[in-house]
Amino acid sequence: MREEGDSPQAVLEELARIVEKDVNRFAFRALGSMCPKPLPISEIAYLIGIESNVGDPGVWEGVARLEKEVVEDLGALLSNSKAVGAIVSGGTEANILALWAARNYMKRREVIVPASCHVSFYKAANLLGLRVIEAPLTSDYTVDVEFVRRNVTKETAAIVGIAGTTALGAVDPIEELSELAIEKGVYLHVDAAFGGMVLPFLKELGYEVPEFDFKLEGVCSITVDPHKMGLAPIPAGGILFRGEELVEPITFETPYLAGGGARSFTITGTRPGGPIAAVWVLLKVLGRRGYRELVRKCMMLTERLARGIEGEEGLELLMRPVMNIVGVRAKRISVKELSLRMRRLGWLLSEFPTHLRAVLMPHHTEELVEELLRDLKRAALKGYVELRAALKA
Ligand code: 0PR
(Lines give C-alpha, C1' and ligand atoms only; values in the text may rest on other atoms or scores of the structure.)
Protein backbone atom coordinates (compact mmCIF):
# COMPACT_ATOMS: atom_id res chain seq x y z
CA MET A 1 0.00 0.00 0.00
CA ARG A 2 1.30 3.41 -0.89
CA GLU A 3 1.32 6.43 1.43
CA GLU A 4 -0.93 8.50 -0.85
CA GLY A 5 -3.89 7.03 -2.71
CA ASP A 6 -4.14 7.24 -6.51
CA SER A 7 -6.98 8.94 -8.32
CA PRO A 8 -10.13 6.78 -8.38
CA GLN A 9 -10.22 6.91 -12.16
CA ALA A 10 -6.66 5.63 -12.52
CA VAL A 11 -7.25 2.87 -10.00
CA LEU A 12 -10.51 1.75 -11.57
CA GLU A 13 -8.89 1.71 -15.00
CA GLU A 14 -6.09 -0.47 -13.67
CA LEU A 15 -8.64 -2.78 -12.07
CA ALA A 16 -10.57 -3.06 -15.33
CA ARG A 17 -7.37 -3.89 -17.19
CA ILE A 18 -6.39 -6.63 -14.74
CA VAL A 19 -9.76 -8.37 -14.73
CA GLU A 20 -10.56 -7.74 -18.39
CA LYS A 21 -10.01 -11.36 -19.36
CA ASP A 22 -12.11 -12.63 -16.45
CA VAL A 23 -14.97 -10.35 -17.31
CA ASN A 24 -14.85 -11.49 -20.91
CA ARG A 25 -14.62 -15.16 -20.14
CA PHE A 26 -18.24 -15.66 -21.08
CA ALA A 27 -17.55 -14.25 -24.49
CA PHE A 28 -14.95 -16.84 -25.42
CA ARG A 29 -14.70 -20.55 -25.52
CA ALA A 30 -15.06 -21.51 -21.87
CA LEU A 31 -17.06 -24.64 -21.19
CA GLY A 32 -15.07 -25.78 -18.17
CA SER A 33 -17.05 -23.98 -15.52
CA MET A 34 -20.09 -25.10 -13.57
CA CYS A 35 -20.90 -21.46 -12.84
CA PRO A 36 -22.84 -19.82 -15.67
CA LYS A 37 -23.07 -16.18 -16.55
CA PRO A 38 -25.47 -14.76 -13.96
CA LEU A 39 -28.59 -13.09 -15.28
CA PRO A 40 -28.09 -9.27 -15.24
CA ILE A 41 -31.07 -8.71 -12.94
CA SER A 42 -29.42 -10.88 -10.29
CA GLU A 43 -26.39 -8.58 -10.39
CA ILE A 44 -28.64 -5.58 -9.71
CA ALA A 45 -30.20 -7.42 -6.78
CA TYR A 46 -26.71 -8.32 -5.53
CA LEU A 47 -25.81 -4.63 -5.44
CA ILE A 48 -29.02 -3.77 -3.62
CA GLY A 49 -28.10 -6.27 -0.92
CA ILE A 50 -24.37 -5.60 -0.94
CA GLU A 51 -24.14 -3.79 2.40
CA SER A 52 -26.14 -6.31 4.38
CA ASN A 53 -24.91 -9.03 6.73
CA VAL A 54 -27.33 -11.88 7.25
CA GLY A 55 -25.07 -13.09 10.06
CA ASP A 56 -26.73 -10.41 12.19
CA PRO A 57 -30.37 -11.07 11.28
CA GLY A 58 -31.78 -8.77 13.96
CA VAL A 59 -30.23 -5.79 12.20
CA TRP A 60 -30.61 -7.02 8.64
CA GLU A 61 -34.18 -8.20 8.97
CA GLY A 62 -34.92 -7.77 5.27
CA VAL A 63 -32.25 -10.13 3.96
CA ALA A 64 -32.93 -12.53 6.83
CA ARG A 65 -36.51 -12.73 5.55
CA LEU A 66 -35.27 -13.18 1.97
CA GLU A 67 -33.07 -16.08 3.06
CA LYS A 68 -36.03 -17.78 4.79
CA GLU A 69 -38.10 -17.45 1.62
CA VAL A 70 -35.31 -18.72 -0.61
CA VAL A 71 -34.75 -21.74 1.63
CA GLU A 72 -38.49 -22.42 1.58
CA ASP A 73 -38.59 -22.22 -2.24
CA LEU A 74 -35.56 -24.46 -2.70
CA GLY A 75 -37.02 -26.85 -0.13
CA ALA A 76 -40.32 -26.95 -2.02
CA LEU A 77 -38.44 -27.58 -5.27
CA LEU A 78 -36.82 -30.56 -3.56
CA SER A 79 -40.05 -31.89 -2.01
CA ASN A 80 -39.78 -30.40 1.48
CA SER A 81 -40.97 -26.85 2.04
CA LYS A 82 -40.25 -27.29 5.76
CA ALA A 83 -36.54 -27.85 5.16
CA VAL A 84 -34.13 -25.94 7.41
CA GLY A 85 -31.24 -24.39 5.53
CA ALA A 86 -29.01 -21.52 4.55
CA ILE A 87 -27.40 -19.81 1.60
CA VAL A 88 -23.70 -20.35 2.14
CA SER A 89 -20.41 -19.72 0.37
CA GLY A 90 -20.73 -22.67 -2.01
CA GLY A 91 -21.08 -26.41 -2.37
CA THR A 92 -17.92 -26.97 -0.37
CA GLU A 93 -19.28 -25.27 2.74
CA ALA A 94 -22.64 -26.98 2.22
CA ASN A 95 -21.03 -30.44 2.11
CA ILE A 96 -18.87 -29.64 5.15
CA LEU A 97 -22.00 -28.56 7.07
CA ALA A 98 -23.80 -31.77 6.11
CA LEU A 99 -21.00 -34.03 7.34
CA TRP A 100 -20.56 -31.91 10.46
CA ALA A 101 -24.24 -32.32 11.28
CA ALA A 102 -24.07 -36.04 10.47
CA ARG A 103 -21.05 -36.58 12.74
CA ASN A 104 -22.54 -34.70 15.69
CA TYR A 105 -26.04 -36.08 15.27
CA MET A 106 -24.91 -39.69 14.88
CA LYS A 107 -21.91 -39.39 17.25
CA ARG A 108 -19.90 -41.57 14.89
CA ARG A 109 -16.79 -40.92 12.85
CA GLU A 110 -16.92 -42.68 9.52
CA VAL A 111 -18.35 -41.66 6.14
CA ILE A 112 -18.80 -43.68 2.94
CA VAL A 113 -18.50 -41.57 -0.22
CA PRO A 114 -18.70 -42.50 -3.90
CA ALA A 115 -15.35 -42.45 -5.72
CA SER A 116 -16.94 -39.75 -7.91
CA CYS A 117 -17.49 -37.32 -5.04
CA HIS A 118 -16.22 -33.76 -5.10
CA VAL A 119 -12.98 -32.93 -3.27
CA SER A 120 -15.02 -31.01 -0.67
CA PHE A 121 -15.89 -34.32 1.02
CA TYR A 122 -12.20 -35.02 1.62
CA LYS A 123 -11.78 -31.50 2.98
CA ALA A 124 -14.79 -32.06 5.24
CA ALA A 125 -13.52 -35.41 6.49
CA ASN A 126 -10.09 -33.97 7.15
CA LEU A 127 -11.50 -31.03 9.10
CA LEU A 128 -13.96 -33.15 11.04
CA GLY A 129 -11.64 -36.05 11.81
CA LEU A 130 -13.77 -38.53 9.87
CA ARG A 131 -12.46 -41.75 8.36
CA VAL A 132 -13.39 -41.93 4.68
CA ILE A 133 -14.34 -45.12 2.90
CA GLU A 134 -14.41 -44.65 -0.85
CA ALA A 135 -17.01 -46.74 -2.66
CA PRO A 136 -16.12 -47.73 -6.24
CA LEU A 137 -18.33 -46.95 -9.21
CA THR A 138 -20.14 -49.39 -11.46
CA SER A 139 -19.83 -49.31 -15.25
CA ASP A 140 -22.43 -46.53 -15.49
CA TYR A 141 -20.31 -44.21 -13.32
CA THR A 142 -22.64 -44.41 -10.33
CA VAL A 143 -21.84 -45.67 -6.85
CA ASP A 144 -21.75 -49.40 -6.18
CA VAL A 145 -24.58 -49.65 -3.64
CA GLU A 146 -23.69 -53.23 -2.70
CA PHE A 147 -20.21 -52.04 -1.69
CA VAL A 148 -21.79 -49.32 0.44
CA ARG A 149 -24.13 -51.89 2.03
CA ARG A 150 -21.25 -54.23 2.89
CA ASN A 151 -19.24 -51.41 4.44
CA VAL A 152 -21.83 -49.82 6.71
CA THR A 153 -20.82 -50.60 10.29
CA LYS A 154 -21.57 -49.35 13.80
CA GLU A 155 -18.99 -46.64 13.13
CA THR A 156 -20.75 -45.25 10.04
CA ALA A 157 -22.14 -41.77 10.57
CA ALA A 158 -23.16 -41.06 6.99
CA ILE A 159 -23.37 -42.34 3.46
CA VAL A 160 -23.27 -39.93 0.53
CA GLY A 161 -24.94 -39.97 -2.87
CA ILE A 162 -24.32 -37.55 -5.73
CA ALA A 163 -27.08 -36.21 -7.96
CA GLY A 164 -24.97 -34.79 -10.77
CA THR A 165 -21.34 -35.79 -10.39
CA THR A 166 -18.65 -33.20 -10.98
CA ALA A 167 -17.01 -35.17 -13.77
CA LEU A 168 -20.01 -36.45 -15.75
CA GLY A 169 -23.29 -35.33 -14.21
CA ALA A 170 -24.17 -38.92 -13.31
CA VAL A 171 -26.87 -39.55 -10.69
CA ASP A 172 -26.27 -42.22 -8.05
CA PRO A 173 -29.15 -44.59 -7.21
CA ILE A 174 -30.32 -42.35 -4.36
CA GLU A 175 -33.52 -44.37 -3.92
CA GLU A 176 -31.50 -47.47 -3.06
CA LEU A 177 -29.16 -45.45 -0.83
CA SER A 178 -32.20 -44.05 0.95
CA GLU A 179 -33.59 -47.52 1.64
CA LEU A 180 -30.19 -48.61 2.87
CA ALA A 181 -29.90 -45.57 5.14
CA ILE A 182 -33.27 -46.29 6.72
CA GLU A 183 -32.53 -49.99 7.09
CA LYS A 184 -29.15 -49.41 8.73
CA GLY A 185 -30.09 -46.26 10.62
CA VAL A 186 -27.42 -44.00 9.12
CA TYR A 187 -27.46 -40.42 7.81
CA LEU A 188 -27.78 -39.92 4.04
CA HIS A 189 -26.49 -36.71 2.45
CA VAL A 190 -27.17 -35.98 -1.22
CA ASP A 191 -24.81 -33.68 -3.08
CA ALA A 192 -27.04 -32.09 -5.70
CA ALA A 193 -24.89 -28.95 -5.92
CA PHE A 194 -25.24 -29.00 -9.70
CA GLY A 195 -28.13 -31.39 -10.32
CA GLY A 196 -30.50 -29.97 -7.72
CA MET A 197 -31.54 -27.16 -10.01
CA VAL A 198 -31.57 -29.33 -13.14
CA LEU A 199 -33.29 -32.61 -12.28
CA PRO A 200 -36.65 -31.17 -11.10
CA PHE A 201 -36.95 -29.25 -14.37
CA LEU A 202 -35.86 -32.21 -16.49
CA LYS A 203 -38.68 -34.13 -14.88
CA GLU A 204 -41.14 -31.39 -15.76
CA LEU A 205 -39.83 -31.51 -19.33
CA GLY A 206 -40.74 -35.18 -19.53
CA TYR A 207 -37.30 -36.73 -19.07
CA GLU A 208 -37.14 -39.89 -17.06
CA VAL A 209 -35.35 -38.77 -13.94
CA PRO A 210 -34.49 -40.84 -10.88
CA GLU A 211 -35.81 -39.68 -7.50
CA PHE A 212 -33.11 -37.97 -5.47
CA ASP A 213 -34.69 -35.48 -3.08
CA PHE A 214 -36.55 -35.30 0.27
CA LYS A 215 -39.37 -37.38 -1.22
CA LEU A 216 -37.08 -40.27 -0.32
CA GLU A 217 -37.41 -40.68 3.41
CA GLY A 218 -33.81 -41.61 4.08
CA VAL A 219 -32.47 -38.32 2.67
CA CYS A 220 -31.33 -36.16 5.60
CA SER A 221 -29.71 -33.24 3.78
CA ILE A 222 -29.15 -31.88 0.28
CA THR A 223 -26.57 -29.52 -1.18
CA VAL A 224 -28.09 -27.39 -3.96
CA ASP A 225 -26.10 -24.45 -5.29
CA PRO A 226 -27.82 -21.40 -6.75
CA HIS A 227 -24.44 -20.24 -8.12
CA LYS A 228 -24.37 -23.27 -10.40
CA MET A 229 -27.57 -24.00 -12.33
CA GLY A 230 -29.54 -21.44 -10.31
CA LEU A 231 -27.77 -18.80 -12.44
CA ALA A 232 -26.88 -16.68 -9.40
CA PRO A 233 -23.68 -14.70 -8.95
CA ILE A 234 -20.97 -16.24 -6.75
CA PRO A 235 -21.03 -16.97 -3.78
CA ALA A 236 -24.35 -18.72 -3.41
CA GLY A 237 -24.23 -22.31 -2.24
CA GLY A 238 -27.21 -23.97 -0.62
CA ILE A 239 -27.65 -26.47 2.19
CA LEU A 240 -31.00 -27.94 3.20
CA PHE A 241 -31.70 -30.27 6.13
CA ARG A 242 -34.84 -32.37 6.50
CA GLY A 243 -35.62 -30.88 9.91
CA GLU A 244 -34.47 -28.77 12.85
CA GLU A 245 -33.21 -31.71 14.94
CA LEU A 246 -30.42 -32.39 12.42
CA VAL A 247 -28.96 -28.88 12.65
CA GLU A 248 -29.36 -28.60 16.42
CA PRO A 249 -25.99 -30.33 17.11
CA ILE A 250 -24.12 -27.75 14.99
CA THR A 251 -26.02 -24.65 16.09
CA PHE A 252 -24.23 -21.95 18.06
CA GLU A 253 -25.49 -18.86 19.79
CA THR A 254 -23.93 -15.42 19.31
CA PRO A 255 -25.62 -13.51 22.16
CA TYR A 256 -23.98 -10.08 21.84
CA LEU A 257 -25.04 -9.15 18.28
CA ALA A 258 -26.37 -5.64 17.79
CA GLY A 259 -29.64 -7.01 16.47
CA GLY A 260 -30.06 -9.27 19.50
CA GLY A 261 -28.75 -12.79 20.00
CA ALA A 262 -28.78 -15.06 16.99
CA ARG A 263 -28.32 -18.75 16.46
CA SER A 264 -26.52 -20.05 13.41
CA PHE A 265 -25.17 -23.29 11.99
CA THR A 266 -23.06 -21.89 9.15
CA ILE A 267 -19.27 -21.94 9.28
CA THR A 268 -18.95 -18.27 8.50
CA GLY A 269 -20.33 -15.65 10.89
CA THR A 270 -20.64 -12.53 8.80
CA ARG A 271 -22.51 -13.59 5.68
CA PRO A 272 -23.17 -11.49 2.57
CA GLY A 273 -26.76 -10.52 1.88
CA GLY A 274 -26.05 -9.65 -1.77
CA PRO A 275 -26.10 -13.24 -3.05
CA ILE A 276 -29.29 -13.95 -1.10
CA ALA A 277 -31.02 -10.94 -2.65
CA ALA A 278 -29.82 -12.16 -6.05
CA VAL A 279 -31.19 -15.69 -5.58
CA TRP A 280 -34.49 -14.35 -4.26
CA VAL A 281 -34.93 -12.16 -7.32
CA LEU A 282 -34.00 -14.98 -9.72
CA LEU A 283 -36.50 -17.42 -8.24
CA LYS A 284 -39.22 -14.77 -8.48
CA VAL A 285 -38.36 -13.51 -11.96
CA LEU A 286 -37.73 -16.84 -13.65
CA GLY A 287 -40.25 -19.00 -11.87
CA ARG A 288 -40.43 -22.69 -12.67
CA ARG A 289 -41.16 -22.01 -16.31
CA GLY A 290 -38.09 -19.78 -16.68
CA TYR A 291 -35.76 -22.39 -15.21
CA ARG A 292 -37.44 -25.15 -17.20
CA GLU A 293 -36.86 -23.27 -20.46
CA LEU A 294 -33.21 -22.62 -19.61
CA VAL A 295 -32.72 -26.30 -18.80
CA ARG A 296 -34.46 -27.19 -22.06
CA LYS A 297 -31.97 -25.03 -23.96
CA CYS A 298 -28.98 -26.52 -22.12
CA MET A 299 -30.22 -30.03 -22.95
CA MET A 300 -30.69 -29.15 -26.61
CA LEU A 301 -27.03 -28.05 -26.76
CA THR A 302 -25.99 -31.13 -24.78
CA GLU A 303 -27.83 -33.47 -27.13
CA ARG A 304 -26.24 -31.81 -30.17
CA LEU A 305 -22.76 -32.17 -28.70
CA ALA A 306 -23.34 -35.77 -27.58
CA ARG A 307 -24.73 -36.83 -30.96
CA GLY A 308 -21.87 -35.09 -32.75
CA ILE A 309 -19.32 -36.94 -30.64
CA GLU A 310 -21.07 -40.27 -31.19
CA GLY A 311 -21.03 -39.66 -34.92
CA GLU A 312 -17.31 -38.93 -34.97
CA GLU A 313 -15.01 -41.84 -35.63
CA GLY A 314 -12.05 -40.51 -33.59
CA LEU A 315 -14.07 -39.48 -30.55
CA GLU A 316 -15.77 -41.30 -27.75
CA LEU A 317 -18.62 -40.22 -25.49
CA LEU A 318 -18.04 -41.46 -21.96
CA MET A 319 -21.67 -41.71 -21.00
CA ARG A 320 -25.04 -40.67 -22.43
CA PRO A 321 -25.53 -37.38 -20.55
CA VAL A 322 -28.23 -37.33 -17.88
CA MET A 323 -27.89 -33.57 -17.54
CA ASN A 324 -25.98 -30.79 -19.29
CA ILE A 325 -22.50 -32.23 -18.73
CA VAL A 326 -20.65 -34.07 -21.49
CA GLY A 327 -17.55 -36.27 -21.10
CA VAL A 328 -15.44 -36.90 -24.19
CA ARG A 329 -12.15 -38.59 -25.03
CA ALA A 330 -10.23 -39.36 -28.21
CA LYS A 331 -9.78 -42.93 -29.38
CA ARG A 332 -6.22 -42.58 -30.61
CA ILE A 333 -4.56 -39.98 -28.38
CA SER A 334 -4.36 -39.53 -24.62
CA VAL A 335 -6.65 -37.26 -22.61
CA LYS A 336 -3.64 -35.08 -21.75
CA GLU A 337 -2.76 -34.66 -25.40
CA LEU A 338 -6.36 -33.93 -26.40
CA SER A 339 -6.58 -31.40 -23.59
CA LEU A 340 -3.37 -29.69 -24.64
CA ARG A 341 -4.48 -29.45 -28.25
CA MET A 342 -7.90 -28.09 -27.31
CA ARG A 343 -6.24 -25.48 -25.12
CA ARG A 344 -4.05 -24.45 -28.04
CA LEU A 345 -7.16 -24.12 -30.16
CA GLY A 346 -8.49 -21.67 -27.58
CA TRP A 347 -10.89 -23.84 -25.58
CA LEU A 348 -11.24 -24.00 -21.83
CA LEU A 349 -12.49 -27.46 -20.88
CA SER A 350 -11.98 -29.35 -17.63
CA GLU A 351 -9.48 -32.19 -17.71
CA PHE A 352 -10.24 -35.34 -15.72
CA PRO A 353 -8.00 -38.44 -15.76
CA THR A 354 -10.40 -40.28 -18.07
CA HIS A 355 -11.89 -37.49 -20.20
CA LEU A 356 -12.49 -33.82 -20.92
CA ARG A 357 -15.65 -32.26 -19.57
CA ALA A 358 -17.86 -29.67 -21.22
CA VAL A 359 -20.68 -28.05 -19.24
CA LEU A 360 -23.37 -26.63 -21.51
CA MET A 361 -24.84 -23.47 -20.05
CA PRO A 362 -27.67 -21.10 -20.96
CA HIS A 363 -25.20 -18.50 -22.23
CA HIS A 364 -23.73 -20.95 -24.76
CA THR A 365 -24.92 -21.08 -28.37
CA GLU A 366 -25.46 -23.68 -31.10
CA GLU A 367 -22.65 -22.08 -33.12
CA LEU A 368 -20.27 -22.55 -30.20
CA VAL A 369 -21.20 -26.24 -29.98
CA GLU A 370 -20.62 -26.68 -33.72
CA GLU A 371 -17.19 -25.05 -33.42
CA LEU A 372 -16.37 -27.22 -30.44
CA LEU A 373 -17.28 -30.36 -32.37
CA ARG A 374 -15.20 -29.27 -35.33
CA ASP A 375 -12.16 -28.61 -33.14
CA LEU A 376 -12.58 -31.80 -31.11
CA LYS A 377 -12.63 -33.74 -34.34
CA ARG A 378 -9.44 -32.04 -35.55
CA ALA A 379 -7.67 -32.35 -32.22
CA ALA A 380 -8.45 -36.06 -31.99
CA LEU A 381 -6.50 -36.86 -35.15
CA LYS A 382 -3.55 -39.04 -34.34
CA GLY A 383 -0.51 -37.28 -35.79
CA TYR A 384 0.59 -33.67 -35.79
CA VAL A 385 0.96 -33.80 -39.55
CA GLU A 386 -2.67 -34.77 -39.90
CA LEU A 387 -3.59 -32.11 -37.37
CA ARG A 388 -1.60 -29.37 -39.07
CA ALA A 389 -3.12 -30.23 -42.43
CA ALA A 390 -6.60 -30.13 -40.90
CA LEU A 391 -5.91 -26.77 -39.29
CA LYS A 392 -4.83 -25.32 -42.65
CA ALA A 393 -7.93 -26.71 -44.35
N1 0PR B 1 -20.41 -30.68 -5.30
C2 0PR B 1 -20.28 -30.89 -6.63
C3 0PR B 1 -20.99 -32.04 -7.26
C4 0PR B 1 -19.47 -30.04 -7.38
O5 0PR B 1 -19.29 -30.27 -8.67
C6 0PR B 1 -18.82 -28.96 -6.74
C7 0PR B 1 -17.96 -27.98 -7.48
C8 0PR B 1 -18.99 -28.78 -5.35
C9 0PR B 1 -19.80 -29.68 -4.67
C10 0PR B 1 -18.32 -27.67 -4.61
O11 0PR B 1 -18.88 -26.46 -4.93
P12 0PR B 1 -18.14 -25.07 -4.71
O13 0PR B 1 -17.04 -24.99 -5.72
O14 0PR B 1 -19.24 -24.09 -4.92
O15 0PR B 1 -17.62 -25.05 -3.33
N16 0PR B 1 -17.86 -28.14 -8.81
C17 0PR B 1 -17.19 -27.26 -9.74
C18 0PR B 1 -16.14 -28.08 -10.46
O19 0PR B 1 -15.28 -28.65 -9.81
C20 0PR B 1 -16.55 -26.07 -9.13
C21 0PR B 1 -16.15 -25.08 -10.16
C22 0PR B 1 -16.97 -24.01 -10.45
C23 0PR B 1 -14.95 -25.18 -10.82
C24 0PR B 1 -16.60 -23.09 -11.38
C25 0PR B 1 -14.56 -24.24 -11.76
C26 0PR B 1 -15.40 -23.19 -12.05
O27 0PR B 1 -15.03 -22.23 -12.97
O28 0PR B 1 -16.20 -28.15 -11.65
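The values are calculated or read from the model by the stated rules, or taken from the named source; none is laboratory data. Since this is a predicted model, take the numbers as computed values, not measurements. Cβ sites come from the backbone with ideal geometry, for glycine too, and all protein chains shown count toward neighbours. Heavy atoms of the whole protein, side chains included, go into the accessibility calculation; ligands, DNA and RNA do not. Shrake-Rupley method; radii C 1.70, N 1.55, O 1.52, S 1.80 Å.
Out of the residues in region 214-247 meeting the condition of being touching a residue at least 40 places away in the same chain (Cβ under 8 Å) and among the acidic types (Asp, Glu), tell me which one is nearest to residue 186 (Cα to Cα).
Our first condition is that a residue be touching a residue at least 40 places away in the same chain (Cβ under 8 Å); within region 214-247, this holds for 214-216, 218-247.
From the residues that got through so far, the ones that are among the acidic types (Asp, Glu) too are 225, 244-245.
On the way: 225: 24, 244: 17, 245: 15 Å.
Filtering first and then ranking leaves 245.
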Residues of region 183-209 being without any contact (Cβ under 8 Å) to a residue 40 or more places away in the chain and within 16 Å of the ligand (Cβ to nearest atom), in sequence order, are 188, 190
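Which residue is nearest to residue 128 (Cα to Cα), if the candidates are limited to region 67-86 and must be within 16 Å of the ligand (Cβ to nearest atom) and open to solvent by less than 10 Å² (accessible area, probe 1.4 Å)?
Step one: list which residues in region 67-86 are within 16 Å of the ligand (Cβ to nearest atom), which gives 74, 78, 85-86.
Next, only the ones that are open to solvent by less than 10 Å² (accessible area, probe 1.4 Å) stay: 74, 78, 86.
Numbers: 74: 27, 78: 27, 86: 20 Å.
Filtering first and then ranking leaves 86.
Would region 249-258 turn up any residue that is under 22 Å from residue 162 (Cα atoms) and either out of contact with any helix residue (DSSP H, G or I) (no Cβ under 8 Å at 6 or more places or on another chain) or of a type in the set (Gly, Ala, Ser) (or both)? Explain how you work it out, then say what you get.
Initially, region 249-258 is screened for residues under 22 Å from residue 162 (Cα atoms), giving none.
Taking every residue of region 249-258 in turn, none turns out to be under 22 Å from residue 162 (Cα atoms) and either out of contact with any helix residue (DSSP H, G or I) (no Cβ under 8 Å at 6 or more places or on another chain) or of a type in the set (Gly, Ala, Ser) (or both).
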Wholly inside region 87-182, strands (runs of 3 or more DSSP E) that include 2 or more residues that are within 12 Å of the ligand (Cβ to nearest atom) and in contact (Cβ under 8 Å) with a residue 40 or more places away in the chain are 110-114, 156-162
Residue 62 meets each of (1) at pLDDT below 95; (2) away from the ligand (no atom under 16 Å from the Cβ); (3) not aliphatic (A, V, I, L, M) with one exception, condition (1)
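Mind telling me which of the residues 300, 323 ends up being modelled with pLDDT of 95 or more and in a loop (DSSP other than H, G, I, E, B)? Step through it out loud before you land on a result.
Values: 300 fails: in a loop (DSSP other than H, G, I, E, B).
Only one candidate qualifies: 323.
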In region 304-324, residues that are open to solvent by 60 Å² or more (accessible area, probe 1.4 Å) and in contact (Cβ under 8 Å) with a residue 12 or more places away in the chain total 4
